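Read through the structure below, which is laid out as structure tokens, and then see the notes.
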Amino acid sequence: MKNKNLHKISILLTALLLVSVFQVNGAKNQNYISLSCKSDNNLYLVLKENKIACIRYNTPEEAIDNAVEETGVLILADGYPENTTILNASHYEKAAIKKLRLYVEFPSYLPGIELSSPRGTQWERAVIASDIFSPELKKLRILAIHDCRFIPVQVDNADIVIARVAGFDSAVYRLPKETFPVLFKINQSSINKGGLLVSTTKLSQFMVARYAPTDDWKSIWRYIFNWLMVDNKFPELKWTPYVRSSSNSSEVLPVDFERNALKRGIEWFFNSKMILHPAMMEQYNKAANLPNPAKTDPDPNEDWPYGHRTAKMLKDAPIGDGKLGIMEGFDSKIFSDGSQAVRWWNRNDCNGEVAGAMGVAGVELQNSKYLKTAGNIGDWLYFQSRMSLGDHVNTNHPAYGLFGWNDTPKYAGPGYGDGYAVYYGDDNARSMLGMMIASTAQKTDRYEKRLLMCLLGNLRVSGEFGFQPDRIDQNQLEKANWKHFFNGKIISYSPHYQANMWACYLWAYQQTGFDLFLTRAKTAIGMTMAAYPDKWKWTNGIQQERAKMLLPLAWLVRVDDTAEHRMWLRKIANDLIESQSECGAIREQLGEAGKGGFPPPSSNEAYGTAEAPLIQTNADGVCDLLYTANFAFLGLHEAAAATDDQLYRDAEDKLAEFLCRIQIRSEKHPELDGGWFRAFDFKRWEYWASNADAGWGAWSIETGWTQSWITTVLSLRQIKTSVWDYTKGSKIEQIYDALRKQMIPDEVLNNTN
């Protein structure tokens, strides 16, 4: 009781002091601001940091009762997302008498308006629905209110709405019929002579929940405060996002910035808790709980739509040592506390790639923990995981030698089969590339037989022209047998799915001298270059196809250095680099319409239903670190080493600096610090893009594709070597002859064209 009385006295004294300061010659200063909120509310903390005069109260009653007449009062949503802000008619009546301008969030009651039960969002985003924020924010501008919980109401003329819309910055197909008001005004004098501004959700947790884009939210808060304050001279609020880039585009970087980025990038694997520990296996072994597009009203007390699959489960988890592998990474779903959904499964590609990245970093940084963890991950993948064992080591099975996609049974529901009985050549290839590096880093030959089995197993399902099907399911393989694919005339002008395997074949030819590796790779590369660009099928964009093509073209120069092969490499590199900005970012581009495997959403209803690009049009300035920039970094590095051409080296250097600048910095989220999200808007200098992709959206982080190859190339740059040169000491030639005859017998080989 004593503490409560002291608190009341403190509030009273502060209020009297502010009133005396804000009143001049008896006139009330209408810049006076009152807030009802907890002391850790984001908006309140930002106001204090910006030295904006305000006073905080614990309850709406206190804020309204103590507010100076004709001033602004903010009633913020302390109970969000579980509980609405408790308000009743008397609050609004008192505010009306005092002619207060009242802003309320997530209210339990509004005078004269029926409120429905709170509901959540899945693919819906916030959209500017009026011209009130112009010119800074034009109508149809898109905003991210992550994990939004809102109160459905029926009002006209809302300034911001929740809606499912397609688009990058703006709702390109306009607003759909179904929208839900987020921010709107009630100005009837019978309700409040000062005015009432309502938010049906909590806007004031913009830092914790990582609302984006940052500058747009600054514009919104400037409008809200200008509405609250009569003189309309409220200064722009400034704050540092809890999750941000490591530096801006212009600040001077330290001499050792690349090595520092490498250290932080490798430590991310540990800090993220992606490396599985025995204590995590109970959660890991739960049935898959992927998003349900039909579910629109999640329980706020559940970590929907991923159930147990969230970072909350990792917060207090111990860090694994690699003996159970490493999970895929963070999904793009951001929860209201700023944490992200986790992809709780092991993938073949991610494990192989991380084993390589951690191994070579262990050598460069002289870190035994990294080397040991890399070895444990590699051992688990090759000798213990279901992705490697079972049918994959059965000499009589057509999947002999291959690696399954992931280790999760029925990973995506009925009709999809088991993840370890699905085969992507590209995933097999990147895993092998990682394990080539891991083997060299650990100075071991224990992986080489299984590696060669995978090389030959993939060659068996590559047709006469050197192409594989983009994906093979176990039932297809068992029905047709591997010879059907081996003797087939498959063609797929899709470097995203094909190019890394050709690079592996060229490496295998260099190691073993087996001519079929070379001829099939050369045939496929030659046909693909002859088909460029008109016949290429792009996946999420044309740039990722170019980026993937760099590696096999660079290694083709290694084994067959001709003017034509150098010209092919230069052509693809020039077309890629043409879209490299001054800051080093490589701008995403869509390919020709009708030739994309996963084009942008063609309607609002299509948003979030399939894999998709980060951009809606080629005018959007985004760099993709999952599909393009990461592989361009590797390809440019290998091209520079293969040709000693300054063009590739300059582009690589610019890209390296850019990647180091945009590496994630976060004190609040150590599980994200040191990582790289998929999308970076280099015009805004912020993580932002269309989040339409149903699996790997703008804020996803992949342990393999993204994190592993960026850190791998940073290590190789420090060591001053390339993947090709680093792994040239492989001893697979010693076991090649017997294994080749077992897997591709002479009688089959003799009948090959």
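Each value in this text was obtained by applying a stated rule to the coordinates, not by laboratory testing. The structure displayed is predicted, hence computed values, not measured ones. Cβ: placed from backbone, ideal geometry, glycine included. Neighbour counts: every protein chain shown.
General observations
- Rounded to the nearest 500, the helix-only mean residue ellipticity at 222 nm of the chain stands at -12000 deg cm²/dmol, with each DSSP H run of n ≥ 4 adding -39,500 (n - 2.57).
- Each Lys or Arg adds one and each Asp or Glu subtracts one; over the other residues with Cβ under 13 Å from the Cβ of LEU433, this totals -3.
- At R0 = 51 Å, FRET efficiency that the Cβ-Cβ distance of LYS286 and GLU93 yields, to 0.05: 0.50
- Only Cα pairs under 8 Å and 6+ residues apart enter the sum, and on that basis the relative contact order of segment 431-495 stands at 32 percent.
- As a proxy for reagent exposure, ranking TRP724, TRP482 by other Cβ atoms within 10 Å from fewest up yields TRP724, TRP482.
- Relative to the dominant Cα principal axis of the chain, helix 368-383 is inclined by about 60°.
- Label-to-label distance, nm, for residues given as LYS238 and LYS38 (7 Å Cα→Cβ offset): 2.9
- More than 23 Å apart - percent of Cα-Cα pairs taken over segment 538-716: 39
- Student exercise, segment 514-647 dipole from Lys, Arg, Asp, Glu Cβ charges, in Debye to nearest 20: 320
- Set of segment 62-92 residues, backbone N closer than 20 Å to the point 7 Å along the Cα-Cβ line of SER116: 81-85
- ASP445 paired with SER249, simple spin-label distance in nm, labels 7 Å along Cα-to-beta-carbon: 5.2
- Taking the chain and dividing mean pair separation by its residue count, relative contact order in percent (alpha carbons under 8 Å, at least six apart): 12
- Placing a pseudo-label 7 Å from each Cα along the Cα-to-Cβ vector at MET527 and ASN481 gives an inter-label distance of 2.3 nm.
- The length gained on full extension between LYS571 and ALA619, counted as 0.36 nm times the residue separation minus their Cα-Cα distance, comes to 15.0 nm.
- Full extension of the chain between ASP316 and GLU61 gives 87.9 nm of extra length, using 0.36 nm per residue less the Cα-Cα distance.
- Cβ-derived FRET efficiency at R0 35 Å, ASP650 paired with ASP131, nearest 0.05: 0.20
- Relative to the longest principal axis of the Cα atoms of the chain, the long axis of helix 646-661 lies at roughly 40 degrees.
- Tilt relative to the chain, helix 448-460 - C-alpha long axis, 0 to 90 degrees, to 10: 90
- Residue order, fewest to most surrounding Cβ atoms within 10 angstrom, among GLU49, GLU364: GLU49, GLU364
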